[in-house]
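J.: To start, I am sharing the structure in question, which I have written as structure tokens.
The values are calculated or read from the model by the stated rules, or taken from the named source; none is laboratory data. Please read all numbers here as calculations on a predicted model, not as lab measurements. Please note: Cβ atoms are built from the backbone with ideal geometry, for glycine as well, and neighbour counts cover all protein chains shown. Calculation scope for accessible area: heavy atoms of the full protein, side chains included, ligands and nucleic acids excluded. Shrake-Rupley method; radii C 1.70, N 1.55, O 1.52, S 1.80 Å.
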Amino acid sequence: MSSSKQFDVVVIGAGPGGYIAAIRAAQLGFSVACVDEWSNAKGAPAPGGTCTNVGCIPSKALLQSSEHFEHAGHGFAEHGIDVAGLKLNLGQMLKRKDGVVKQNNDGILYLFKKNKISFFHGRAAFTGAATADGYTIAVSGSSTESLSARHVVIATGSNARELAGAPFDEKMILSNTGALTIDAVPARLGVIGAGVIGLEMGSVWRRLGADVTVLEGLPVFLGAVDEQIAKEAAKLFAKQGLKISLDCKIGTIKAGKKDVSVEYVDGKGEAQKAVFDKLIISIGRTPNTTGLGADVAGLKLDERGFIAVDGDCKTNLPNVWAVGDVVRGPMLAHKAEEEGVAVAERIAGQHGHTNFNTIPWVIYTSPEIAWVGQTEQQLKAAGVKYKAGSFPFMANGRARALGDTAGMVKFLADAVSDEILGVHIIGPMASELISEAVVAMEFKASAEDIARICHAHPSLSEATKEAALAIDKRTLNF
């Protein structure tokens with residue numbers, strides 16, 4: 001191994017938390033290296049982590065493509081557009097998805113070059129405890145390197161959680177990785193887990209022609225979502241053809257050459273057996289710390305395997321930080337980015353901050369689901385006195401013009417101060433509409449503030465204004 005290359009900051013992992021932390025640290029004047037082991041099919045560097053390679057980006061590409069296909073087959077006729085001989089070219093759809101991923105990979109490599117960040121392709125690991133010069137990080141990959149830095153930021157992300165007795169083979173039993181690369185539409189697709197990944201991947205393949213059954217272990221659907229919104233979602237997904245069974249206790253799973261059988265007990269306590277052509281398992285994710293050298297460095301992990309950090313993302317080791325999926329908090333790319341920026345600024349002696357109370361959540365189904373802040377059930381449980389107001393997209397002119405009127409916007413505000421406590425949306429472009437609510441909550445705005453702001457007409461955002469007006473029972477268009 002060559003002599004160590006010295007940096008102010010070494011970032012381990014080039015996912016959303018890692019590459020953003022590296023860029024912000026470089027902007028602040030530090031010499032920065034970023035190490036990432038992800039490779040594409042050709043063995044070339046593929047920075048961006050799970051999000052770019054097998055998560056957020058490729059799933060959104062397939063969701064968009066599959067939505068186009070469904071519109072062409074079922075929605076265009078209403079608009080006076082007749083499509084004859086509609087055919088699915090799945091190979092081209094997957095190729096486009098891969099192209100979108102590569103654009104993002106290449107974009108990150110460009111940003112490293114632009115910000116004078118040294119990128120190393122390989123696996124990074126601590127070689128021991130800190131010395132007077134900081135930490136030494138060994139990089140093993142196409143070539144071996146030794147890096148030294150006073151500050152280390154760990155952003156190694158997470159892996160899909162396996163179900164006991166049903167390891168991923170990515171052919172019959174699939175994680176999110178395999179779910180994005182199915183080369184033929186399965187006639188029967190099983191999904192275990194009705195969370196974000198399960199619903200999004202189930203939606204993709206349902207639109208393309210699969211008969212999709214979702215088995216969820218919890219007794220309620222989308223328990224983290226506002227109950228009113230979750231009930232609306234369940235109704236709409238059922239209407240689309242997604243079969244969702246709750247309170248399922250999964251038993252034996254057997255993968256054969258042509259199908260996968262799943263034995264389970266349903267919510268009524270009755271034994272069931274289902275046979276699928278493919279099975280997606282999406283039951284959560286586990287922190288990725290394998291091979292990091294945590295033991296030799298003395299890095300503390302918590303009882304679930306996450307890197308233990310304080311509120312500022314400091315670990316138990318001096319000048320070692322951790323962000324994103326590998327630490328506590330929601331496993332969201334944008335949460336990782338905010339933590340990455342905050343850590344870089346703290347290293348520079350500034351006061352970086354991440355507000356967990358205003359982190360937006362999105363499920364990119366159709367209709368989309370997005371929310372920020374507290375749900376109605378959380379406010380009830382906490383004994384908070386609140387007011388609720390909602391507005392349906394069916395009464396919104398732009399939604400009618402789009403032909404996409406399912407869902408609503410819902411506001412929750414403090415009963416006395418009128419401060420916005422939560423905003424919940426199910427409907428068209430909810431992922432974009434939620435940003436106004438995030439900004440409002442960051443500035444501790446009241447529902448009346450949103451109600452008094454002029455919104456463009458016709459626009460979907462008018463539904464946000466009307467829901468704010470509904471807090472005081474004075475909607476203008478419903």
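J.: Give me the helices (runs of 4 or more DSSP H) completely within the range 6-80, filtered to those with at least 2 residues that are within 23 Å of the chain's Cα centre (by Cα) and surrounded by fewer than 22 Cβ atoms within 10 Å (Cβ to Cβ), ordered by residue number. Steps first, answer last, please.
T.: Values: elements: 16-27, 49-54, 56-70.
In the range 6-80, the matching helices (runs of 4 or more DSSP H) lie at 56-70.
Each row is one residue, and each column tells you yes or no for (1) closer than 23 Å to residue 23 by Cβ; (2) open to solvent by 20 Å² or more (accessible area, probe 1.4 Å); (3) part of a strand (DSSP E or B).
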residue: 110; (1), (2), (3): yes, yes, no
residue: 121; (1), (2), (3): yes, yes, yes
residue: 135; (1), (2), (3): yes, no, yes
residue: 140; (1), (2), (3): no, yes, yes
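J.: Can you name the condition, by its number, that residue 346 falls short on among (1) in contact with an Asp or Glu (Cβ under 8 Å, 6 or more places away or on another chain); (2) modelled with pLDDT under 95?
T.: Only one criterion is unmet by residue 346, namely (2).
J.: Which of (1) open to solvent by 40 Å² or more (accessible area, probe 1.4 Å); (2) touching a residue at least 12 places away in the same chain (Cβ under 8 Å) is the odd one out, the single condition residue 84 does not satisfy?
T.: Every listed condition holds for residue 84 apart from (2).
J.: Restricting the search to the range 196-220, which residues are surrounded by fewer than 19 Cβ atoms within 10 Å (Cβ to Cβ) and either under 29 Å from residue 421 (Cβ atoms) or hydrophobic (A, V, I, L, M, F, W, C) (or both)?
T.: 218, 219, 220
J.: Is there any pair with a first residue in the range 270-281 that is within 13 Å of residue 259 (Cα to Cα) and a second that is crowded, with 16+ Cβ neighbours inside 10 Å and of a type outside the set (A, V, I, L, M) whose Cβ atoms are under 6 Å apart and which are 6 or more apart or on different chains, and what are they?
T.: As it stands, the answer is 275/259; 276/188; 276/190; 277/186; 277/188; 277/259; 278/186; 279/190, since those pairs meet every condition given.
J.: Within the range 171-190, which residues are under 27 Å from residue 336 (Cα atoms) and either touching a strand residue (DSSP E or B) at 6+ places or on another chain (Cβ under 7 Å) or open to solvent by less than 70 Å² (accessible area, probe 1.4 Å) (or both)? Don't jump to the end; show me each part of the working.
T.: Restricting attention to the range 171-190, the residues satisfying the condition of being under 27 Å from residue 336 (Cα atoms) are 174-181.
174, 175, 176, 177, 178, 179, 180, listed by residue number.
J.: Which of the residues that make up the range 255-269 are in a strand (DSSP E or B) and either in contact (Cβ under 8 Å) with a residue 60 or more places away in the chain or in contact with a helix residue (DSSP H, G or I) (Cβ under 9 Å, 6 or more places away or on another chain) (or both)? Quick ask: steps written out before the conclusion?
T.: Applying the first criterion (in a strand (DSSP E or B)) to the range 255-269 yields 255, 260-265.
Scanning the range 255-269 gives 255, 260, 262.
J.: If you don't mind, there's one more thing I want to ask. Applying the selection to the range 323-338, what residues are out of contact with any strand residue (DSSP E or B) (no Cβ under 9 Å at 6 or more places or on another chain) and either surrounded by 20 or more Cβ atoms within 10 Å (Cβ to Cβ) or at pLDDT below 95 (or both)?
T.: 333, 335, 336, 337, 338
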